[in-house]
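Please treat every number below as a calculation from the coordinates, not as lab data. Just so it is clear, the model here is predicted, and its values are computed rather than measured. No Cβ is skipped: glycine too gets one built from the backbone with ideal geometry, and neighbour counts run over all protein chains shown.
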Amino acid sequence: MYFNKCKLLVSLAMCLNAYSVCFAQQPTHSKEEMNRFNQFRSGYPPETTEQYWERILGLEQLLADYPNTFLKGDISITLLNYYQHVTDDPHLLIELSDKMLALRMYSNGAYETAARILVDKKVRSDKTLLYAQNALKEALQKQKKWGGNGRGELICRDLLARAHQLLGQHDRAVAEIKTAIRSWQTREDLGDLEMASRQASVDKAKTHLLRIYIDQKAWTEAYELASELLLSSIIRTDIAELWSQAYAGKFGSGAGMSKAYVALKAKWDKKIIQRVEKKRISRPAPTFEVQKLDGEKITSEDLKGKAMVLTFWAGWCSPCIEEQPYLQNLKTQFRKQNVEFLAINIDQDSSMRRDMVASFRYQSAPLLTFALGDLQMRKAFGSDEIPYTCIIDQNGQIRYERKGLGADFSVAMAHQLEWVIGMNGTQ
């Protein structure tokens with residue numbers, strides 16, 4: 001412990017020295033600076049405190065050697081992230097954050113990083129609130145200047161709400177989260193994937209709001225929000241438990257909880273079905289030829305006479321990977337029907353591609369047929385986004401299509417597939 005505190009004192013001294021001369025010269029820019037920076041931020045994350053210290057001291061020595069390096073803003077962000085792993089002392093965390101923030105040259109997310117670290121460490125301080133407020137200002141400025149889907153604003157408002165909550169300012173915390181959610185709900189300029197990505201952040205914000213309601217024993221608000229999240233949230237972690245707490249709080253006990261859940265789900269499913277039935281289409285699916293992982297070719301002509309669920313995905317696409325277990329469950333649900341499930345990978349071709357696809361298949365969805373395709377094939381289906389998933393009937397007509405994942409995925413896909421099977425008589 002004494003040794004680590006000594007390291008922190010040395011670290012602070014080095015930061016102060018770097019800051020005192022950081023504007024004395026023109027910014028420096030050399031290959032040596034970049035190489036040394038990459039040395040201490042690349043590769044696998046540190047696993048031990050000593051490994052974190054090695055990187056921290058290395059980066060601070062870089063600042064001492066090149067006090068006006070053009071990288072000092074990026075170095076400050078990296079140092080802030082490393083510091084949180086070597087100390088829980090709130091005073092030291094604030095002091096270190098102040099020193100690192102002093103090195104920033106531009107709006108590079110340093111305030112957001114500092115606020116997140118102090119909030120996660122539950123540092124009850126006006127500085128935590130100040131950092132969160134400045135992070136939100138930066139996010140709003142960036143959004144005004146560069147546009148975007150508003151996810152940065154949502155994250156920073158959630159951080160600010162958590163900072164208010166740490167200081168016991170619950171009403172302000174609730175107000176910030178509601179402002180963030182309201183801002184999202186009024187946006188109409190987002191694509192399907194932007195909506196799906198930001199929906200996950202909104203779900204997290206609503207979950208935070210739900211926890212505040214439960215802490216404050218605002219049971220009516222908690223139950224209404226928990227019911228909404230239980231059925232519509234993409235992220236389901238802990239939601240069922242929170243709903244149970246809200247139910248017991250509102251009704252005084254857990255009696256009748258199972259029956260209430262069944263009724264709630266039936267109501268939600270009915271809304272989904274009414275909505276997706278309006279999205280049924282009929283247009284010819286493009287002809288295609290792809291290669292399965294064993295090298296066998298498969299064509300659209302080979303699949304005539306079957307209903308088919310086809311999806312385009314890539315290894316770098318998180319929603320695509322999240323979708324695969326849902327497709328696996330759908331395949332299990334329709335295992336007795338003559339339905340083909342085809343997952344077409346569109347990553348760039350490489351020597352590792354086949355092994356990567358095989359690994360995803362083994363881990364996520366072994367019942368699906370995985371194949372290798374390309375971007376042109378996806379575009380032929382009329383989509384510039386992934387995951388793109390469609391249902392094709394036995395006559396080669398696209399009957400339903402969707403982009404992104406969404407909380408309604410399983411119910412919507414199952415209902416539309418049942419309709420296609422019944423319509424075509426596929427057994």
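Quick look at the values:
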quantity: Counted charge near R41, where neighbours are those whose Cβ lies closer than 14 Å (Asp, Glu -1; Lys, Arg +1); calculated: -1
quantity: 15 Å beta-carbon shell around E224, net charge (K/R +1, D/E -1); calculated: +4
quantity: Most positive-pole-ward Cα, A407, L129, Q348, against dipole of the chain from beta carbon charges; calculated: A407
quantity: Dipole magnitude (debye, nearest 20) for the chain, charges at Cβ of Lys, Arg, Asp, Glu; calculated: 1100 debye
quantity: Euclidean distance between Cα centres, region 251-314 to region 349-386, Å; calculated: 18 Å
quantity: Kirkwood Rh, angstrom, region 82-139 [1 / mean 1/r, Cα pairs]; calculated: 11.3 Å
quantity: Cross-link reach list, aspartates and glutamates versus K145, counting only Cα pairs under 20 Å and skipping chain neighbours closer than eight places; calculated: E112, E153, E188, D189, E194
quantity: Within the chain, helix-based [θ] at 222 nm, where runs of 4 or more DSSP H residues each add -39,500 (n - 2.57), nearest 500; calculated: -19500 deg cm²/dmol
quantity: Cα-based helix-to-principal-axis angle, 110-120 vs the chain, degrees rounded to 10; calculated: 80 degrees
quantity: Positive-pole candidate from A263, Q84, P366, dipole of the chain, charges at beta carbon; calculated: A263
quantity: Q376 versus E32: modelled label distance in nm, points set 7 Å from Cα along the beta carbon direction; calculated: 5.0 nm
quantity: Cα gyration tensor shape of region 328-400, rounded if a/c is under 1.5, else prolate or oblate by comparing a/b with b/c; calculated: oblate
quantity: Residue-count net charge about I398 - beta-carbon cut-off 12 Å; Lys, Arg +1, Asp, Glu -1; calculated: +3
quantity: 20 Å Cα-Cα reach of K31 towards lysines, excluding residues that sit fewer than 8 places from it in its own chain; calculated: K72
quantity: Within a Gaussian network of the chain (alpha carbon springs, distance under 10 Å), most fluctuating of E54, E112, E228; calculated: E54
quantity: Phi to ³J(HN,Hα) by Karplus 6.51 cos²θ - 1.76 cosθ + 1.60 over region 37-44, Hz, x for Gly, Pro; calculated: 4, 4, 4, 9, 10, 8, x, 5
quantity: Degrees separating the helix 409-424 axis from the principal Cα axis of the chain, which is the longest one; calculated: 20 degrees
quantity: Per-peptide average of other Cβ atoms within 10 Å, ordering 316-323, 38-45, 269-276 highest first; calculated: 316-323, 269-276, 38-45
quantity: Cross-link reach list, aspartates and glutamates versus K267, counting only Cα pairs under 18 Å and skipping chain neighbours closer than eight places; calculated: E224, E228, E277, D408
quantity: Listed pairs K206/K250; K336/K403; K331/K403 exceeding 24 Å between Cα atoms; calculated: K336/K403
quantity: Viscosity 0.692 mPa s, temperature 37 °C, Stokes-Einstein D of the chain from Kirkwood C-alpha radius, µm²/s; calculated: 131 µm²/s
quantity: Cleavage-rule hits (GluC sites (Glu not before Pro)) in region 364-424: DSSP loop, at most 12 neighbouring Cβ within 10 angstrom; calculated: none
quantity: Burial ranking of peptide ranges 297-307, 78-88, 116-126 (average Cβ count within 10 Å, highest at the top); calculated: 78-88, 116-126, 297-307
quantity: Calculated Rg and Dmax of region 283-424 using C-alpha coordinates, Å; calculated: 13.8, 43
